[in-house]
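The structure is given below, and queries will be raised subsequently.
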Amino acid sequence: MATLKKFLMYGSWVLLFFIFSQIMIFIAINTTYKYKKVESYSTLITQAEVQATSVNGFAKCKVKAGAQNKYIKIECYSKNDVLMGTKYIKVETNEEKEFEIRFNYSRVDNAKVDIVEEIPQDIEKEQTMSDPKMNAGMLISALILLITFG
């Protein structure tokens with residue numbers, strides 16, 4: 001009976017440590033998002049913000065009414081003004097609304113946001129979709145990268 005109690009106690013300690021470490025990893029990753037400089041080229045965009053870590057980020061844009069059937073174009077640049085990637089969000093409503101898109105570009109330093117009538121024909125489908133949120137493996141990888149190179 002004493003052996004079973006020891007195993008249950010050790011098991012509960014392992015479980016508590018796992019839960020604690022997952023919470024701390026989540027906090028460590030989510031507090032590393034920093035606001036980046038954003039240039040807006042359209043009067044239909046009332047507010048635009050980009051937050052990024054060294055491995056990913058997200059952009060939020062608030063669009064005025066009147067942008068229906070248009071696209072929000074977000075270009076992410078590095079500190080040396082190298083284009084890291086472009087994302088497009090379709091505006092399907094005619095009322096003021098906030099849009100968000102996630103991206104997995106490394107070392108984004110600034111962004112340019114604009115409203116365009118249509119998207120180019122040669123873009124990939126991934127550029128019109130939000131990149132997935134980080135899963136546990138990606139969180140651990142990002143934490144290792146931050147500790148190593150951060």
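How about region 56-77: which of its residues are closer than 20 Å to Glu124 by Cβ and not in a strand (DSSP E or B)?
Asn56 - this is the single residue of region 56-77 that is closer than 20 Å to Glu124 by Cβ and not in a strand (DSSP E or B).
Go over the candidates Glu98, Glu124 one by one and state the one that is of a type outside the set (Lys, Arg) and in contact (Cβ under 8 Å) with a residue 24 or more places away in the chain.
Details: Glu124 fails: in contact (Cβ under 8 Å) with a residue 24 or more places away in the chain.
So the residue among Glu98, Glu124 that is of a type outside the set (Lys, Arg) and in contact (Cβ under 8 Å) with a residue 24 or more places away in the chain is Glu98.
Same structure, new question: Quick one: Ile29 ticks every box in (1) in contact with a Leu (Cβ under 8 Å, 6 or more places away or on another chain); (2) loosely packed, with under 10 Cβ neighbours inside 10 Å except a single one, so which number is it?
(2)
Report yes if Lys36 is surrounded by 11 or more Cβ atoms within 10 Å (Cβ to Cβ), touching a helix residue (DSSP H, G or I) at 6+ places or on another chain (Cβ under 7 Å), in a strand (DSSP E or B) and charged (D, E, K, R), otherwise no. Reasoning before the result, please.
Working: surrounded by 11 or more Cβ atoms within 10 Å (Cβ to Cβ): yes; touching a helix residue (DSSP H, G or I) at 6+ places or on another chain (Cβ under 7 Å): no; in a strand (DSSP E or B): yes; charged (D, E, K, R): yes.
Considered against the rule, which asks whether it is surrounded by 11 or more Cβ atoms within 10 Å (Cβ to Cβ), touching a helix residue (DSSP H, G or I) at 6+ places or on another chain (Cβ under 7 Å), in a strand (DSSP E or B) and charged (D, E, K, R), Lys36 comes out as no.
Pairs please, first residue from region 22-39 and over 11 Å from Val108 (Cα atoms) and of a type in the set (S, T, N, Q), second anywhere and surrounded by fewer than 12 Cβ atoms within 10 Å (Cβ to Cβ) and at pLDDT below 85, Cβ atoms under 9 Å, 6+ apart in sequence or on different chains.
The qualifying pairs are Gln22/Ala136; Thr32/Gly150.
To keep it simple, each residue is scored yes or no on (1) touching a strand residue (DSSP E or B) at 6+ places or on another chain (Cβ under 8 Å); (2) more than 22 Å from Ser141 (Cα to Cα); (3) free of Cβ contacts under 8 Å to residues at least 60 places away in the same chain.
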site	(1), (2), (3)
Gly66	no, yes, yes
Tyr71	yes, yes, yes
Glu75	yes, yes, yes
Asn80	no, yes, yes
Gly85	yes, no, yes
Lys90	yes, yes, yes
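Which residues, counting only those in region 73-99, are touching a Ser or Thr at 6+ places or on another chain (Cβ under 8 Å) and surrounded by 15 or more Cβ atoms within 10 Å (Cβ to Cβ)? So that I can check it myself, show each step before the final result.
Keep residues of region 73-99 that are touching a Ser or Thr at 6+ places or on another chain (Cβ under 8 Å), which gives 73-76, 84, 87-90, 96.
Once the filter is applied, which keeps residues that are touching a Ser or Thr at 6+ places or on another chain (Cβ under 8 Å) and surrounded by 15 or more Cβ atoms within 10 Å (Cβ to Cβ), region 73-99 yields Lys73, Ile74, Glu75, Cys76, Met84, Lys87, Tyr88, Ile89.
Select from region 40-55 the residues that are in a loop (DSSP other than H, G, I, E, B) and touching a residue at least 40 places away in the same chain (Cβ under 8 Å) and write down the one among them that is surrounded by the most Cβ atoms within 10 Å (Cβ to Cβ). Show your work before the answer.
Quick first cut of region 40-55, residues in a loop (DSSP other than H, G, I, E, B) only: 41-44, 53-55.
Then drop every residue that is not touching a residue at least 40 places away in the same chain (Cβ under 8 Å), which leaves 41-42, 44, 53-55.
Working: Tyr41: 11, Ser42: 18, Leu44: 18, Thr53: 21, Ser54: 15, Val55: 18.
Checked region 40-55; the qualifying residue surrounded by the most Cβ atoms within 10 Å (Cβ to Cβ) is Thr53.
Just to be sure I understand, how many residues within region 83-126 are over 20 Å from Gln51 (Cα atoms), in a loop (DSSP other than H, G, I, E, B) and among the hydrophobic types (A, V, I, L, M, F, W, C)?
Number satisfying all stated conditions: 2.
Now for a different question. Only one of (1) closer than 30 Å to Gln22 by Cβ; (2) in contact with a Lys or Arg (Cβ under 9 Å, 6 or more places away or on another chain) is not met by Tyr71, so which one is it?
(1)
On to the next question. With respect to Asn80, is the statement that it is in a loop (DSSP other than H, G, I, E, B), modelled with pLDDT of 90 or more and over 15 Å from the mean Cα position of the chain (by Cα) true? Write out each step before concluding.
Values: in a loop (DSSP other than H, G, I, E, B): yes; modelled with pLDDT of 90 or more: yes; over 15 Å from the mean Cα position of the chain (by Cα): yes.
Judged against the criteria, Asn80 is a match.
The values are calculated or read from the model by the stated rules, or taken from the named source; none is laboratory data. In this text, all values refer to a predicted model and were calculated from it rather than measured experimentally. Heads up, the Cβs are rebuilt from the backbone with ideal geometry, glycines too, and the neighbour counts pull from every protein chain shown.
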